Every structure is written in structure tokens, then in C-alpha cells.
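A.B. asks: Take a look at this one; I'll ask things after.
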Amino acid sequence: MSEQEIKVPDLGGADEVEVIEVLVSQGDSVEEEDPILTVESDKASVELPSPGAGKITKITVKVGDKVKEGDVVGMMEAGGDAGGSDDDKGTGEQAGTDKDQEAKAQSEDKAEETKPAPKKSGGSRKETVKVPPLDGFDNVPVIEINVSEGDEVEVDDALVTVESDKATMEIPSPFAGKIGKILVSEGDKISEGLDLVEMTVVEEGGEEPASEAEEPSGDARQEGKSEPAGKPEEPKPAPASATYEPPTPGAKVHAGPAVRKLAREFGADLTRIKGSGPKGRILKDDVQAYVKSQLQQTQQGSTVAGGGGAGIPVVKLPDFSQFGDIERESMSRVMFATANNMQRSWLNVPHVTQFEDADITDMESFRKAQKAAGEKKGVKMTPLPFLLKACATALAELPQFNVSLDMERKEVVRKQYIHIGIAVDTPHGLMVPVIRDVDKKGLWELAAESAELAQKARDKQLKPAEMQGACFTITSLGGIGGTAFTPIVNTPEVAILGVSKAAMKPVWDGKDFQPRLMLPLSLSYDHRAVNGADAARFTTLLSQLLGDIRSLLL
Ligand code: COA
């Protein structure tokens, strides 16, 4: 085995470049052309490839060092079969050849040469930025658009990032000014001369580009200027982990090709990762730490409601301020918890909703007849106690609705009690207090208890125990309106009854149409636990019970 120097190859005209990432350590085994270092000039980052296969014996540079062609950056023991147990080389990323790097470095210089000649039109002018020569590269995919319409940029700010199989390059802005239309999209393959971006460029002593905004009411539409003066700064959500950052659409991402490839392999969104390298550069360690923290959060079931766990693509937010004024406010604890619960249920439960109308004409006459009695007792009798009672009876008769599924143990948990949650709309969010042993309580008791719990929910006075243990939930929008809806099952329960507003309808009695007060019911259920026929039985039974409330007494 012979020791061999690892030298900086021809940098294609670039004089001195900075080491921004050391990709190997002493003892690592590498294949020929595996990336050893990432270096960066002002415009491009390039990986320096290993001259052969073997084992790294020494690395003599560190992040921040400046190197030039011919400098020795390390030593390696040559060996045809690198073998070894190094994890790092597993990315399979092939570093650029000397020729590639030369081409890239030259392209930076050419970018300067291709600044189009200005077209004058008063204090500012319109320019179309074209793709500069990408020597050696053609049809290079755009992997990132670094700016958004309305952004203000300085000369040399990155407009888009392109990536060949070997290197990543940012195409710099040749002007200072305001971004107009962006003429390419992520994934487009671009070559020299193609129109890239339209810009409004300020001429010296000319107007600010802001006043030349394309929209007539451009005042409120410029990013970062849309908040009226005096408004507090947008609060930033607390990071969920050291590496988590809220995504910043259009934000610049500084990362080398190997890091980008690694992020792509993990499906990690680089705009969400905080770089710990020089100038905020994202390193492999940052990607790994981010992926690890996301996995931990998913396992703890605390993935943020925006998605992103278990391979679910994250919903990317645009920069809303480009469309008009915005304000941001933190979600309340209740709202955030509800969002997570809804998402968990929506993603885990195969939902089906069964609809039915119950004839509550007689029930309503009976209920209204209780008004005086209610006033005496200080309790208002609404349709809700009847619904609670009818659901308790249906749960007892069709016990397949009074279960939870334990998929891990492949067991059905059958409950021998009937506790029902009622969804309460409160100013601070949706709350679901639970009425225990509904089957054992009378209508007045249920009326008093549901009114008391709903008030406690509105006053934020509910104790945790008062919100636990439900077998089933009723969500009534009947006091508000609507004809039907599809409620989301409150997991681990397996069904929820949605109630809409009762309305007079013509009902055929076999001879004539009769005006009857019909109550729309929407039963959503977990199709893993309940089959469709049982759901139809459940709503039919509810309809019978509410249609003839004497049967509730039986
Ligand atoms: N059809 C017609 N009218 C109805 C009705 C229905 N299905 N349900 C209730 N009403 C009537 C009531 O009788 C009452 O009218 P009245 O004053 O003339 O007697 C009025 O609507 C208001 O009733 P409300 O105070 O809402 O009492 P309730 O017992 O029916 O409901 C709650 C109590 C807690 C369920 C209800 O206040 C609530 O918060 N609902 C919203 C739940 C929610 O947001 N669900 C969505 C979850 S995604």
C-alpha cells in the first residue's frame, strides 16, 4: 500500500477558494471521485473528488481554510477495493471532475460578462435577465428559485440555483432592483440565453423600484412592506427542535451538492433546516440532525399539524404578503391540539358518513311543553338531551359502536359503560366535555349537566377528567344551521353523530304529504370498526327513537 497526496485540482481560473465542508475523516474508506471537501468561491460551490480509491490517513485542512490549485489537503493509502465500514460514502455522490470544476469556475466569470445592456426609461427600467453561459453544461435543472416576485435584490444575489449531476451553482443577479415575473420554474431545464427573470432596475439617481410596482396598488403588495406601521413584528413559532426552522419560501439555501442529494434522499426540505456551517451553510450533520428530530417527533406523535410526518408531504405556504396585508397570531393551545387531533383522525381513520332524517315533530311538541317545567327547575330543555338519550340506547343495542380498536395488539376494546362527549363551540376553540353514564340519567339531568359542562367549556373551567373517557361524540350544529355535514371521528372512538338544523318538510304518509319537522343526522364512523349495514341500522334506530320518544323509556 502506498501513501498518496490528495491535492486541490485545477480550479478553472478561480484563485483561492474557501473550504466550507470537510466530508471525510481520518480512517474513512473512499472510492475514486468520492467527495473529500466542499470549497466555495463567491458564486459556486464545488466538491473536490478523491483521486483514487483507498483509506484517508490524514486531512490537513479545516473549514474556513483557503486553498488553491496544487495545495495538499490530505493523504490517503491507495487500495483498489476501498471496502470499509464508512457510512459517509454511502451517499454515492460523484464529485465533479477537474474539467467540470474548470467549467463551473469559468461560468462565474462569464456571468459577469453577460450583463445585458440597460434599456433606459426614466428613473428605472425593465430588464430581462438571461441565463449566463454555463460552460460545459446545458439543460441544467433548476432546483430552487431563490427569489419571489416583488423581492428586492442586490447585484450578485442568487436568483435561481441550478444543479448538474456534479455541482450546484447559483445564478447571480446582474442588477440591483425589484424582481418582476419569474420566467422559469423548479425542475425546468435551462441553458445559456434563456429568459430567466424580469426585473425593474433602479438607475442611479432614479426612482425606487417600489414606486414602479406592476400592480397599481403596489403599496400594500411589496413583501416586507405590507404591514402597516406600528404593527408588532410577526411572532415566530418556537422551533420544535434545534434544527427546525419555519420554512421560508424563496429563502436562499446554502448547501453543497452532496448535502442537497442527501436531503433529497431523505425527503428533507432544505428551507426548513438551519445551517450550522459558515454563513449559515447547511452541512450533512444538519440534515441528519433534522431528519432525526423529525423522526423522533413523529414517533412521539407530536408532528406539527402542517404535516410532514410519516412521509406525508408538508403543505408549503406561499408568502401571503405578496397578495395583500397579513397578520400572524399564535394558535391557542386548544386550537393547536384540535388541529393535531383532527389530522391524526383524518389520516388514521377510513371515514364514511351515513345520513338520515328523523321526524321530531312529536318530540318537539313534547319538548316545548316542558318549557314551564324547565323554568321552574332553572334548566332549559333543548333537543340535545333527547339526542344523548337516543344515542345511549343505540350504543347499547349496537355495541359494535361502543369500541376502540387496538391495532397493535389486534384487539377490539369493548366498553361496558356509555359516556358521550358533546362538542362545544367556544371563543377559544372546540372543546368536548364528556357526560358519564348517559344511559343511567334522565332527560332533565342530562339537560342540566350538558348546559353546565358547555358553560364550563366556554369559561375555560373544565377539568381534564371532564374531557376524558368518551365512547362516542355528538356534534350539534342544529342551533346554527346547515342541512348535513361530515364530522370527523374523535379517535379512539369509532363514531360521531353530526346534527344539523331541523326543518319542516313534506313527508308522504302513504296517502298525502304531511308537514313534519325533520332533523338531519350525519353519522361518521370508522369503517375499520363498523360496517355500512350497521351504520344504516344505527341511524335508522336513532330516527325511530327520536320519532317516538316513548321508546326511549323502554
Ligand atoms: N334544529 C333546530 N333547532 C335546534 C337544534 C336543531 N337540531 N338544536 C338546537 N336547536 C335550537 C335550540 O332548541 C335553541 O332554540 P330555542 O332557544 O328556541 O329553544 C337554539 O337552537 C340554541 O340551542 P343551543 O343553545 O345551541 O343548545 P343545544 O343544547 O342544542 O346545544 C351545544 C348545545 C353545546 C351543543 C351548542 O351550544 C354548541 O356549542 N354547538 C356547536 C358544536 C360545534 O361547534 N360542533 C362542531 C364540531 S366540528
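All of the numbers you see were taken from the coordinates with simple rules; none came from a lab. Worth saying up front: this structure is predicted, and the values here are computed from it rather than measured. For neighbour counting, all protein chains shown are included, and Cβ atoms are generated from backbone atoms with ideal geometry for every residue, glycine included.
A.B. asks: Given a cut-off of under 8 Å on Cα pairs at least six residues apart, what relative contact order in percent is computed for region 394-546?
C.D. replies: Numbers: 267 pairs, mean separation 31.3, N = 153.
The normalised contact order for region 394-546 reaches 20 percent.
A.B. asks: Further question on the same structure: Gln296 to Phe320: extension gain in nm, 0.36 nm per residue of separation minus the Cα-Cα distance? Don't skip to the end; give the middle numbers.
C.D. replies: Values: separation 24, 0.36 × 24 = 8.64 nm, distance 3.05 nm.
My answer for the length gained is 5.6 nm.
A.B. asks: Sort 369-377, 357-365 by packing, meaning the average of other beta carbons within 10 Å per residue, with the highest value first. Don't jump to the answer; show the numbers that get you there.
C.D. replies: Working: 369-377: 11.6, 357-365: 18.9.
Result, highest mean Cβ count within 10 Å first: 357-365, 369-377.
A.B. asks: For a 19 Å ceiling on Cα separation, which of these pairs sit above it: Lys376/Lys440; Lys130/Lys178; Lys368/Lys501?
C.D. replies: Going by Cα-Cα distance, Lys376/Lys440 fall outside the 19 Å limit.
A.B. asks: If each residue's Cβ is checked for other Cβ atoms within 10 Å, how do Met75, Met199 rank with the fewest at the top? Could the numbers behind the result be given before it?
C.D. replies: On the way: Met75 17, Met199 27.
Listing Met75, Met199 from fewest to most nearby Cβ atoms yields Met75, Met199.
A.B. asks: Now for a separate question. What is the calculated FRET efficiency for Lys68 to Leu194, with r their C-beta to C-beta distance and R₀ = 56 Å, to the nearest 0.05?
C.D. replies: On the way: r = 33 Å, r/R0 = 0.59.
Computed FRET efficiency for Lys68 and Leu194 comes out at 0.95.
A.B. asks: Between Ala339 and Asp512, what is 0.36 nm times their sequence separation minus the Cα-Cα distance? Round to one decimal in nm.
C.D. replies: Working it through step by step, the gained length comes to 57.5 nm.
A.B. asks: Using mean Cβ contacts within 10 Å as the protection proxy, how do 17-24, 149-156, 64-71 order, highest first? Each step should come with its number before you reach the end.
C.D. replies: Working: 17-24: 21.8, 149-156: 17.6, 64-71: 14.5.
In decreasing order of mean packing, 17-24, 149-156, 64-71 become 17-24, 149-156, 64-71.
A.B. asks: Which shape class applies to region 427-499: rounded if a/c is under 1.5, otherwise prolate when a/b exceeds b/c and oblate if not, where a ≥ b ≥ c are the square roots of the Cα gyration tensor eigenvalues? Walk me through the numbers before you get to the answer.
C.D. replies: Numbers: a/c = 1.28, a/b = 1.21, b/c = 1.06.
Cα axes put region 427-499 in the rounded bin.
A.B. asks: Something else now. Taking R0 as 45 Å, what's the FRET efficiency between Glu329 and Phe366 from their Cβ-Cβ distance, rounded to 0.05? Intermediate results must be reported in sequence, preceding the final value.
C.D. replies: Values: r = 46 Å, r/R0 = 1.01.
Efficiency at R0 = 45 Å is approximately 0.50.
A.B. asks: Against the globular-protein guess of 2.2 N^0.38 Å, express the Cα radius of gyration of region 1-59 as a ratio, rounded to two decimals.
C.D. replies: 1.15
A.B. asks: Still on this structure, I have one more. Could I have the simple spin-label model distance between Met467 and Gln416, label points 7 Å from Cα toward Cβ, reported in nm to one decimal?
C.D. replies: With each label placed 7 Å out from Cα toward Cβ, I get 3.0 nm.
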